[in-house]
Amino acid sequence: MRSLLIPLLACIACAVIVSVTAVSVREKQNENLEYDKKTKILLAAGIIAENIDEEFTNITTLYIDFKNNELVEMEDSYDPIKATFNQNTSTLVPKEKDIAILKRRENIGPVYLWLNDKNSIDKVVVPIRGYGLWGTLYGYLSLDSDLNTVRGIEFYDHKETPGLGAEVENQDWKDLWEGKLLYGSHGGVQLKVVKGSAKGKYQINGLSGATLTSNGVSNMINYWLGSDGYGPALKKIKSLYGPQVAMQ
Ligand SMILES: Cc1cc2nc3c(=O)[nH]c(=O)nc-3n(C[C@H](O)[C@H](O)[C@H](O)COP(=O)(O)O)c2cc1C
């Protein structure tokens with residue numbers, strides 16, 4: 001019996017140490033993830049900031065209720081990804097509409113807005129996510145004041161293979177996005193990542209050897225900027241914060 005006591009006490013001590021360490025590290029991990037997300041929001045908009053939190057004070061965060069595309073008030077601490085784990089704060093995406101393979105979509109989503117001194121849009125960033133080959137890619141897409149011209153794209157989390165799908169992080173590939181156009185003349189999302197050589201303003205070169213990840217990126221852009229994502233809300237934001245027409 002005594003021979004079992006010492007290993008048992010050692011096991012309990014180790015379990016306590018591991019649990020305490022895991023809890024104390026989790027808070028720091030969450031802080032780092034938040035910091036990384038903020039950095040990527042700024043990078044997508046082409047901003048390299050020394051003081052991320054200070055730069056964030058220039059951003060107006062709007063929250064969209066996807067049910068009616070109305071603007072709603074939310075706490076700064078609101079986390080749209082966490083919202084997808086709760087049935088009260090998220091909605092099942094119907095299979096036929098789930099082109100980004102989300103399964104659930106948060107009921108309320110943030111849009112990050114930079115306003116100029118005339119209180120009209122300078123640029124916006126919207127969150128995007130969707131399935132690649134091995135898992136969900138999480139990122140941000142930035143648009144110019146016309147809410148159609150792309151400024152940049154950034155991903156802060158994914159499970160794609162280094163050298164293949166993980167090339168979504170390659171700066172040369174991300175540079176291809178700047179100046180591309182999102183919406184065609186009929187209003188739908190026309191921008192696509194294509195295999196082979198991209199032509200014109202609506203195509204981006206696919207990642208070589210990673211067509212499945214490339215398709216995933218196309219699909220998430222299509223979903224989040226389309227009519228089931230931020231598309232209608234962006235139109236509303238444009239009418240509220242677009243360039244003001246001078247009164248005659
Ligand atoms: C170990 C391994 C990892 C792979 N990782 C990826 C990946 O991250 N993204 C991707 O699109 N394809 C990946 N592929 C390749 C896909 O299976 C598929 O062949 C590829 O997407 C087709 O692209 P291509 O037509 O440009 O060659 C991987 C293949 C293997 C064997």
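The values are calculated or read from the model by the stated rules, or taken from the named source; none is laboratory data. Small disclaimer: the values here were computed from a predicted structure and weren't measured. Note: ideal-geometry Cβ built from the backbone for every residue, glycine included; neighbour counts use all protein chains shown.
Numbers at a glance
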{"item": "Any chance Y241 is under 19 Å from V124 (Cβ atoms) and either out of contact with any strand residue (DSSP E or B) (no Cβ under 7 Å at 6 or more places or on another chain) or modelled with pLDDT of 95 or more (or both)", "result": "no"}
{"item": "Any helices (runs of 4 or more DSSP H) falling wholly within region 167-248 and containing at least 1 residues that are of a type in the set (S, T, N, Q), away from the ligand (no atom under 13 Å from the Cβ) and more than 21 Å from the chain's Cα centre (by Cα)", "result": "231-241"}
{"item": "Residue list for region 104-134, filter: of a type in the set (D, E, K, R) and in contact (Cβ under 8 Å) with a residue 12 or more places away in the chain", "result": "R104, R105, E106, K118, D122, K123, R129"}
{"item": "Per-region count, region 162-179, residues in contact (Cβ under 8 Å) with a residue 24 or more places away in the chain and among the acidic types (D, E)", "result": "2"}
{"item": "Test set (1) exposed (fewer than 13 other Cβ atoms within 10 Å of the Cβ); (2) assigned to a loop (DSSP other than H, G, I, E, B); (3) of a type in the set (A, V, I, L, M, F, W, C) - I47 fails condition number", "result": "(1)"}
{"item": "Test result for T39, out of contact with any Ser or Thr (no Cβ under 7 Å at 6 or more places or on another chain), of a type outside the set (A, V, I, L, M, F, W, C), farther than 20 Å from D146 by Cα and assigned to a strand (DSSP E or B)", "result": "no"}
{"item": "Scope region 109-158; condition within 16 Å of I41 (Cα to Cα) and aromatic (F, W, Y); matching residues", "result": "Y112, W114, Y138, Y140, F155, Y156"}
{"item": "Cβ-Cβ under 6 Å pairs, at least 6 apart or on other chains, region 145-161 side farther than 14 Å from L225 by Cα, far side within 16 Å of the ligand (Cβ to nearest atom) and β-branched (V, I, T)", "result": "F155/V168; E160/T213"}
{"item": "Test for E160: is it over 19 Å from D98 (Cα atoms), modelled with pLDDT of 95 or more, within 16 Å of the ligand (Cβ to nearest atom) and not hydrophobic (A, V, I, L, M, F, W, C)", "result": "yes"}
{"item": "Flag if L143 is under 25 Å from P80 (Cα atoms) and in contact with a helix residue (DSSP H, G or I) (Cβ under 7 Å, 6 or more places away or on another chain)", "result": "no"}
{"item": "Which numbered condition A210 fails, given (1) out of contact with any helix residue (DSSP H, G or I) (no Cβ under 6 Å at 6 or more places or on another chain); (2) among the small types (G, A, S); (3) touching a residue at least 40 places away in the same chain (Cβ under 8 Å)", "result": "(1)"}
{"item": "Residue in region 76-88 that is under 22 Å from L43 (Cβ atoms), touching a Phe, Trp or Tyr at 6+ places or on another chain (Cβ under 7 Å), charged (D, E, K, R) and surrounded by fewer than 19 Cβ atoms within 10 Å (Cβ to Cβ) present", "result": "no"}
